[in-house]
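The values are calculated or read from the model by the stated rules, or taken from the named source; none is laboratory data. Fair warning: this is a prediction, and the values are worked out from it, not measured in the lab. We place every Cβ from the backbone using ideal geometry, glycine too, and count neighbours over all the protein chains shown.
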Amino acid sequence: MGILFVPMFAAGIVMLFKNPDLLKSRLNAKEKRRTQDIVVKLSGLMFLLGFIVSGLGFRFGWYTLPKGVSIASAVVFLAAYVLYAEVLRENTYLSRTIEVRQNQKVINTGLYSVVRHPMYSATLLLFLSIPLVLGSIYSFLIFLAYPFLIAKRIRDEEKFLEKELNGYREYKQKVKYKLIPFIW
């Protein structure tokens, strides 16, 4: 639990002092778009079920992954958190909800020059490594829903951004990959 909440708490403290507006927008989770609202709720349900199944597996002695898998997954998790922090540093327009702010511009440098949605790339690594850190293959199977949920979120978000954010269509032509370099 420490590797999940300590970096999250540290990121929150840094944002509180360096960019309180970003922290405020990251804490606002009320989606206005129906598709996004469904994705957020299903992600929350997935997260909850994954932790419950992992806890039940530990309690009742279900199959546990080898310790080496947990350690390697913890390293991946922490590396993904570094990517997450870099995305927060690069893009001060980030919000939990899909929106375009006044005077917002397309960010196309750093990680955004490699993939269009580096925040989702980081969360994909985070979410898929969590059940492995906990040693639960059953929880991992639940978390495998996340790539499909995030793909739905990205499709809807890109439709919105094409209409609402100046320069986003050109950015899509320049940066071909949505989430995973050279793959998708």
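The set of residues in region 1-13 that are at pLDDT 70 or above and surrounded by fewer than 15 Cβ atoms within 10 Å (Cβ to Cβ) comprises 2, 5, 6, 8, 9, 10, 12, 13. Among the residues of region 107-153, just one is touching an Asp or Glu at 6+ places or on another chain (Cβ under 8 Å), crowded, with 18+ Cβ neighbours inside 10 Å and of a type in the set (Ser, Thr, Tyr), namely 112. Evaluated against (1) at positive phi; (2) in contact (Cβ under 8 Å) with a residue 12 or more places away in the chain, residue 132 falls short on exactly one condition, (1). Among residues of region 55-69 that are exposed (fewer than 10 other Cβ atoms within 10 Å of the Cβ), those with a beta-carbon under 8 Å from a residue that is part of a helix (DSSP H, G or I) and aromatic (Phe, Trp, Tyr) at least six positions away or on a different chain give the pairs 63/138. Filtering region 152-167 to residues that are out of contact with any Leu (no Cβ under 8 Å at 6 or more places or on another chain) and either touching a residue at least 12 places away in the same chain (Cβ under 8 Å) or under 27 Å from residue 69 (Cβ atoms) (or both) leaves 152, 153, 156, 157, 158, 160, 161, 164, 165, 166, 167. Just so you know, in region 39-54 the residues that are of a type in the set (A, V, I, L, M, F, W, C) and surrounded by 14 or more Cβ atoms within 10 Å (Cβ to Cβ) include one that is nearest to residue 2 (Cα to Cα), and it is 51.
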